Amino acid sequence: QVQVVESGGGLVQAGGSLRLSCTASRITFRYVAMGWFRQAPGKEREFVAGINWSGALTYYGDFAEGRFTLSRDDVNVNLVYLQMNNLSPDDTAVYYCVAGRLLSRALDEWPFWGQGTQVTVSS
C-alpha cells in the first residue's frame with residue numbers, strides 16, 4: 001500500500017514563510033505525480049499545486065501562483081517540497097499531500113493521500 005507522509009506544518013505570522021515536505025513510499029508504479037490540496041474550516045478541499053513525475057511540469061491554484069513553489073528533491077524523486085511565501089491568514093488550512101500516476105487539478109484523480117498537516121497563519 002502506497003504511503004504518503006507530510007511534514008513541516010505549523011504556526012507562522014502573516015507575511016512569513018513555511019516549507020512543507022512530503023514523501024511517497026511503497027510505490028508500485030514507475031512514474032509518480034505528486035501534489036497538494038488544502039482544506040480550511042467550513043470550506044471545500046481545493047487544489048494547491050501539483051508536479052509531474054519528472055518535475056518538468058507544475059500546476060498551481062490561482063491563489064498559489066507567485067507565492068508557492070513546488071519542487072522535487074534532486075536525489076529522491078518521491079520527495080517533494082512546497083515552499084510557501086508571503087503567507088496570509090487566508091492560507092490557514094490542513095494541507096494534504098497526494099500521489100498518483102497523472103498530474104491533475106481534480107481531487108478525484110489522486111488515489112493516494114496523506115493524513116494532512118496543519119498550517120496556521122496568524123494576523
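The values are calculated or read from the model by the stated rules, or taken from the named source; none is laboratory data. Just so we're clear, the structure is a prediction, and the values are computed from it rather than from any experiment. Ideal geometry is used to build each Cβ from the backbone, glycine not excepted, and the neighbour counts take in all protein chains shown. SASA here: full protein model, heavy atoms, side chains in, ligands and nucleic acids out. Shrake-Rupley method; radii C 1.70, N 1.55, O 1.52, S 1.80 Å.
Within the set of pairs 6 or more residues apart or between chains, which connect a residue that is free of Cβ contacts under 8 Å to residues at least 40 places away in the same chain inside the range 1-29 to a residue that is open to solvent by less than 30 Å² (accessible area, probe 1.4 Å) and not acidic (Asp, Glu) with Cβ atoms less than 6 Å apart?
If the second residue must be open to solvent by less than 30 Å² (accessible area, probe 1.4 Å) and not acidic (Asp, Glu), the pairs left are Arg26/Val2.
Determine which single condition Phe37 fails, assuming it passes every other condition in (1) touching a helix residue (DSSP H, G or I) at 6+ places or on another chain (Cβ under 7 Å); (2) surrounded by fewer than 17 Cβ atoms within 10 Å (Cβ to Cβ).
(2)
Out of everything in the range 40-54 that is in a loop (DSSP other than H, G, I, E, B) and of a type in the set (A, V, I, L, M, F, W, C), what residue ends up being most open to solvent (accessible area, probe 1.4 Å)?
Selected residue: Trp53.
Across the range 17-28, which residue is nearest to the chain's Cα centre (by Cα) among those that are open to solvent by 10 Å² or more (accessible area, probe 1.4 Å) and more than 17 Å from Pro89 (Cα to Cα)?
Here the answer is Ser21.
Going through the range 1-32 one residue at a time, which ones are within 30 Å of Ser123 (Cα to Cα), hydrophobic (A, V, I, L, M, F, W, C) and part of a strand (DSSP E or B)?
Val5, Leu11, Val12, Leu18, Leu20, Cys22
Failed condition for Tyr31, given (1) modelled with pLDDT of 95 or more; (2) open to solvent by 70 Å² or more (accessible area, probe 1.4 Å), with all others met?
Going through (1) modelled with pLDDT of 95 or more; (2) open to solvent by 70 Å² or more (accessible area, probe 1.4 Å) one by one, Tyr31 breaks only (1).
If a residue counts only when it is of a type in the set (Lys, Arg), which strands (runs of 3 or more DSSP E) contained entirely in the range 63-123 have at least 3 such residues? I'd like the intermediate steps shown before the answer.
Values: elements: 68-72, 79-84, 93-100, 117-122.
Result: empty, no element qualifies.
Can you find, within the range 77-110, the residue that is nearest to Val2 (Cα to Cα) among those that are open to solvent by 70 Å² or more (accessible area, probe 1.4 Å) and in contact (Cβ under 8 Å) with a residue 60 or more places away in the chain?
This residue is Arg101.
Residue by residue through the range 33-55, note down the ones that are of a type outside the set (Gly, Ala, Ser) and under 14 Å from the mean Cα position of the chain (by Cα).
Residues satisfying the conditions are Met34, Trp36, Phe37, Arg38, Gln39, Arg45, Glu46, Phe47, Val48, Ile51, Asn52.
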